[in-house]
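Everything below concerns the one structure shown next.
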Amino acid sequence: MEEKLKATIDKIVQLSKQNEEFNINLRKALMVMPSAKSVLLDDERIGQIYEYCIEKVIRKQAEEFYKDFPLKTIVPNLIEDFVRMEFFRRKDCFGDFCLSLYQQIEGMTNKICESKELADITEKMWASPAYVKTQQDSPISISNRSESNYNIAMLLFSGQNKNTGQPYSVEKSRVTLQAQYAVDKMRIVVYFLGYKAMMKASDFDSYVELTGLLNNIYQCRNMNHRGNTLNQWEKETQERILPLKSFYFFKFMGVLAQYVDYIKKGIPSIPSIGEYARTLGKKKVTGINVIGKIDIKDDGKNRFKKKK
């Protein structure tokens, strides 16, 4: 009974701190209350008022978090998802927390990728060098790009399609912006809005860390699926994160804050990026086309470097 009494008192104290009107009325009630026994420990109304006040605070935080967010039409949905995200964090429901957090990222990402201007930019710039030059005596410029053959498509779409033998950089650079996979769209937003298409070679590690965490959020959001057999990547991701979920609650929220900040600062730069992209000639990302299966006879010549 003492624990239950303490829990009730703690709730009342928290409500008094968070809600001035509740505090005033509580003090008035206590002044005329004949006995402390009038406070019912099992009265659910205290819990309901407590949850209402907590939600009120969280909703205010959500509104402040998305204040001045440029994609005005989706802000109401983002706020609702933020409130649900915080509700699930308080309840220690990690899978539902990740889903609510991901839905915010998904909503803003899909809205951005509806932009024809951004679609035109990506189509023009896939074959451009991934990094800009850094010089002490001159500012970073979108047009002063590295002379390397390592292009933007290679950075954003690494790996190779095992079925076709084609690099993903070739295949995905042929796909429209809206038709890209979810994780690919997020990397596109990070590069073109977060870095404003002016990524330096020294930014690579931070880029990998952020896009890796975005992918982790995507994988953990899939925890809500039922009857789904995990692939090796999903299994390893969950086994690594779930034992540290208390840490990842806040780490993932940090990713959301950075992603929102990237978008807020990056959207005003789209016109200037588009202006530069229109100066570029039409150039496709190239790769090796593998048709069928080719048998090469061993003539004793060492044509390929062996792995050590």
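Quick rundown of the values:
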| item | result |
| --- | --- |
| Condition broken by LYS283, with the remaining ones in (1) at pLDDT 95 or above; (2) under 30 Å from PRO139 (Cα atoms); (3) open to solvent by 20 Å² or more (accessible area, probe 1.4 Å) satisfied | (1) |
| Residue within segment 201-223 that is over 15 Å from the mean Cα position of the chain (by Cα) and among the small types (Gly, Ala, Ser) present | yes |
| Answer from SER173, SER206, SER158 - the residue that is farther than 19 Å from GLY287 by Cβ and open to solvent by 10 Å² or more (accessible area, probe 1.4 Å) | SER206 |
| Residue within segment 179-194 that is open to solvent by 60 Å² or more (accessible area, probe 1.4 Å) and over 24 Å from LEU71 (Cα atoms) present | no |
| Complete set of residues in segment 124-142 that are in contact (Cβ under 8 Å) with a residue 12 or more places away in the chain and over 17 Å from SER202 (Cα atoms) | LYS124, MET125, TRP126, ALA127, SER128 |
| Matching residues in segment 226-271 - criterion: being acidic (Asp, Glu) and under 27 Å from TYR191 (Cα atoms) | GLU234, GLU236, ASP261 |
| Residues that are surrounded by fewer than 14 Cβ atoms within 10 Å (Cβ to Cβ) and part of a helix (DSSP H, G or I), drawn from segment 112-129 | LYS116, GLU117 |
| For HIS225: the one exception among (1) modelled with pLDDT under 95; (2) under 25 Å from SER115 (Cβ atoms); (3) not basic (Lys, Arg) | (2) |
| Those residues of segment 161-170 which are polar (S, T, N, Q) and either open to solvent by 40 Å² or more (accessible area, probe 1.4 Å) or in contact (Cβ under 8 Å) with a residue 40 or more places away in the chain (or both), in sequence order | ASN163, THR164, GLN166, SER169 |
| Helices (runs of 4 or more DSSP H) (entirely within segment 181-284) containing at least 1 residues that are in contact with a Ser or Thr (Cβ under 8 Å, 6 or more places away or on another chain) | 182-189, 204-221, 270-277 |
| Subset of segment 68-77 (residues that are touching a residue at least 40 places away in the same chain (Cβ under 8 Å) and open to solvent by 60 Å² or more (accessible area, probe 1.4 Å)) | ASP68 |
| Any hit, segment 149-171, residues being in contact with a Gly (Cβ under 8 Å, 6 or more places away or on another chain) and within 25 Å of ILE217 (Cβ to Cβ) | yes |
| Tally, over segment 86-108, of residues that are without any contact (Cβ under 8 Å) to a residue 60 or more places away in the chain and buried (at least 20 other Cβ atoms within 10 Å of the Cβ) | 2 |
| Residue match in segment 130-152 (condition: open to solvent by less than 40 Å² (accessible area, probe 1.4 Å) and part of a helix (DSSP H, G or I)) | yes |
| Residue match in segment 181-200 (condition: of a type in the set (A, V, I, L, M) and in contact with a strand residue (DSSP E or B) (Cβ under 6 Å, 6 or more places away or on another chain)) | yes |
| Hits in segment 143-160 - residues which are closer than 22 Å to LEU210 by Cα and in contact (Cβ under 8 Å) with a residue 12 or more places away in the chain | TYR150, ASN151, ILE152, ALA153, MET154, LEU155, LEU156, PHE157 |
| Lone qualifier among GLU64, GLU80 - being surrounded by 12 or more Cβ atoms within 10 Å (Cβ to Cβ), of a type in the set (D, E, K, R), under 22 Å from GLY107 (Cα atoms) and at pLDDT 70 or above | GLU80 |
| Residue match in segment 29-48 (condition: over 30 Å from THR211 (Cα atoms), under 36 Å from the mean Cα position of the chain (by Cα), open to solvent by 40 Å² or more (accessible area, probe 1.4 Å) and modelled with pLDDT under 95) | yes |
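The values are calculated or read from the model by the stated rules, or taken from the named source; none is laboratory data. Worth saying up front: this structure is predicted, and the values here are computed from it rather than measured. In this analysis, Cβ positions are derived from the backbone assuming ideal geometry, glycine residues included, and neighbour counts consider all displayed protein chains. In case anyone asks, the SASA skips ligands and DNA or RNA and just uses the protein heavy atoms, side chains included. Shrake-Rupley method; radii C 1.70, N 1.55, O 1.52, S 1.80 Å.
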